[in-house]
Amino acid sequence: RAVIAPHLVSLVMGGGAGAGVCGDFGPQLNAASIEASVMPVSNGVGSVNRLVGDESVLLWDAIYTAVGLCTSIVESHGLDYQIWFGKCLGPALGTLLQGKGGFVSNNYLPVLRRRIVWLIGCFAHRGGPSVFGNGQ
């Protein structure tokens, strides 16, 4: 984990640890936009989601999974969760919740929406309410 942590921090924060900006905000939000705009299509048996083949959505799902599995390690390598949440995860989740899948859909596989909520839980479990800043 310690080997991959600096790379994860660089990916999600852009510009490396402690940069204070989220340089990869564009690709993360783009992946969220792709997922939010997906409409289910019928395969003759039921509805399926075209999203499964989208590489950017799957890439960010994998990156978010890796970050969530080693929260304390990526934090020790400079991941500022409050900045990342404020500039990347929060807006991406907002985009996902406003998309065509919305809050409830029986025909929609919300890959990133579920992964981001899981990731928030990983950090909240580790740091409690202070993780979100200002005791919120």
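All of the numbers you see were taken from the coordinates with simple rules; none came from a lab. It should be emphasised that the depicted structure is a prediction, and the values quoted were computed from it without experimental measurement.
Full extension of the segment from residue 30 to residue 125, taken as 0.36 nm per residue of separation minus the current Cα-Cα distance, would add 31.4 nm.
Taking 0.36 nm per intervening residue step and subtracting the Cα-Cα distance, what contour gain separates residue 114 from residue 83 on full extension?
Net length gain for the segment: 9.1 nm.
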